[in-house]
1. Taking only Cα atoms of the range 94-163, what ratio of Rg to Rh do you get with Rh as the Kirkwood inverse-distance radius?
2. Find the eigenvalues of the gyration tensor of the Cα atoms of the range 475-544, then list the square roots of 5 times those eigenvalues as equivalent ellipsoid semi-axes, largest first, in whole angstrom.
3. Over 14 Å, how big is the tail of the calculated P(r) for the range 407-485, in percent of all Cα pairs?
4. Across the Cα atoms of the range 170-303, what radius of gyration and what greatest pairwise Cα-Cα distance (Dmax) are found, in Å?
5. When only alpha-carbon atoms are used, what values of Rg and Dmax, in angstrom, describe the range 308-388?
6. How many percent of the alpha carbon pairs in the range 56-130 exceed a separation of 20 Å?
7. When ranked by the protection proxy of mean other Cβ atoms within 10 Å per residue, highest first, what sequence do the peptides 501-513, 331-343 form?
8. May I ask you to list the lysines whose Cα is less than 23 Å away from that of K210, ignoring any residue fewer than eight positions away on the same chain?
Amino acid sequence: MMNANVKMFVAIICLAEGTAAIAAPDFEDVPYNNPSLVVDLGVGLWALPLPMDYDGDGDNDLVVSTRNKPSPGVFFFENKEGKVPFPTFERAVRIADPIGNETLADDGEAVVFSPGFAYPNFREKQFSDPVEIPFKPEFHTGRANQWNLFDYDGDGVRDLIVGASDWREYGWDDAFNSEGEWTAGPLHAFVYFMKNNGTDESPDYADPVKIEAGGEPIDVYGMPSPNFGDWDGDGDYDLICGEFLDRFTYFQNIGSRSQPKYAEGVFLKSEGQDIRAELEMIRVEAFDWDMDSDLDLIVGDEDGRVSFIENTGALEDHIPVFKQPRYFQQKAENLKCGALSTPFGVDWDNDGDEDLICGDTAGFINFIENLGGGDSPKWMKPVRLSAGGETIRIQAGPNGSIQGPAEAKWGYTAPTVIDWNHDGLLDILTNNIWGKVLWYENEGTKSQAKLKAAQPIEVEWEGKTPKPAWFWWNPEGKNLVTQWRTTPFAIDLNKDGLNDLVMLDQEGYLAFFERAKDDDGKLILKHPQRIFENEEGNPLQLNERTAGKSGRRKFTMVDWDLDGDLDILINSKNIDLLRNVAEDGGYRFKNEGQVAERILAGHTTCPTTVDWDGNGIPDLLVGAEDGYFYHLTNPNQEK
């Protein structure tokens, strides 16, 4: 990363013949700058793993596809350590644009599929030499549309298998009754078999048939990832499926190779416990990773990481026994923290440089230590923080997300760091998927934080405790409950020496929660005021939508244009500047649009400010949906 003064010099480009152009600074990737560091292997949002010997040197590499913004691609992670069960991979090399819903068949030669196409020459030509699969599905395919060719009935000709999701019954939003019960349907995921009545060279696919197990169509909750293999060693092919959440279902073939018949599915276990992925949105590929002649499971997670679930080769009641997931490792390249990362820049360990406290979709709160390096920091890998002796992880569970039980493993932590109780130690405030604003009090030291268990933020409400109208549950006591996935920004706004809170209220307006002391000297938070205005002078409503479309606003307040008053930087396609245009010391904001050209958001972004170059001017750091971080030097100069 260049020095900020050099960047500003480079940004001004003088052209010949009297023409001039100013190239505005844009977002730059933030590297680890730590060559010896090893981290979890990962890509951006939602990893689709394609394990294979990509470079043809006799050992297994990883190819991983992701369609996120702003870092989509198909990436090659080279294994240079040879035939070892758990190598440290090289840094990613981008080899292609993603197609989406890629799957793998490994019959001695890696063949990749996407809906309607096969890529038999993938290692040499990636997606540039497609072979069309002559079949047009009339059944609903939905988000998961996973194609593969496999000799399902043992007649020597490859049939067509399609794993398809059907989420239409689910609806995806606002269907809880007053008891917290989901009244819409579940996510569905089916596996279809299209018999090939022709040949491999000239296929003729019959009408689709849903594959059944236990006398009912296989239905594995939203993301089938079907994988056939002889897991019980009896000569016929069984089936393992993933799902949208976190488990793996085994369907034993109790028929024969030529006439498959599947028993009712059972969840895979390890030492008596269900094997569960750490996150949801999993994609599963069966592959003999450790080359011991049995099929293991290679699993892509929502946050772009890829895990190895080793097949032990043992059976219990005809069910294959696997080990718990283990994440592959790679040499560190660009700084990454989960997915939909929500950073806050702060010197957490009091060593004179700015670290990051960062939330993510999975509901963790992470500490990323800055090891120094000035305007080009060297970073450690994220460490999950604990509170009250347990790792912080907020999750929706079956009814904590307004968008339903399919979001059970998401937490969407959005932290802010401040000395909330004015004891000289930095604490953490966070909002989350529930909309419950929490305080993690620091009872450690300035250099070694120790967090107490979460406490609710309370407000001295004037009247009944409010909540978003679509919440099926009610807040307890004076607890602050507001729109989900929004920043609780703490700042001494009125400069009275007490830290206040600025955040969206239950109707999506930006509100000022003033801090005060009661008659006994106890710190309290007063009933919110809508003191912030838009350009027209009306209360500033940052999200007028409801239910699942509510909230979702991440922001920070800072004097971005260096004119002496506070502006707002808020999530958008990258980050929008809401410039403070009030002339009386108030808070009236005009949306000036994006601060730079580079698009960072498919879903959302999260801004924070940092001053790594130490020039006293706030620069912008953005966490994106891909979990990576993007830095923008402030284009403004001291006035």
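The values are calculated or read from the model by the stated rules, or taken from the named source; none is laboratory data. All values derive from a computational prediction rather than experimental measurement. When we count neighbours, we look across all protein chains shown, and the Cβ atoms used for this are built from the backbone with ideal geometry, even at glycine. Remember, those area values only see protein heavy atoms, side chains included, never the ligands or the DNA or RNA. Shrake-Rupley method; radii C 1.70, N 1.55, O 1.52, S 1.80 Å.
1. Details: Rg = 12.4 Å, Rh = 12.8 Å.
Using only Cα positions, Rg/Rh for the range 94-163 is 0.96.
2. Details: eigenvalues 98, 50, 19 Å².
They are 22, 16, 10 Å, listed from largest to smallest.
3. Numbers: 2006 of 3081 pairs.
In whole percent, the long-distance tail amounts to 65.
4. Here Rg and the maximum Cα pair distance are 17.1, 57 Å.
5. Looking at the range 308-388, its Cα Rg and Dmax stand at 18.1, 59 Å.
6. On the way: 922 of 2775 pairs.
Every Cα pair in the range 56-130 considered, those over 20 Å come to 33 percent.
7. Values: 501-513: 23.0, 331-343: 25.3.
Peptide ranking by packing, descending: 331-343, 501-513.
8. Of all the lysines, those that pass the test against K210 - Cα under 23 Å, at least 8 places apart if same chain - are K136, K195, K261.
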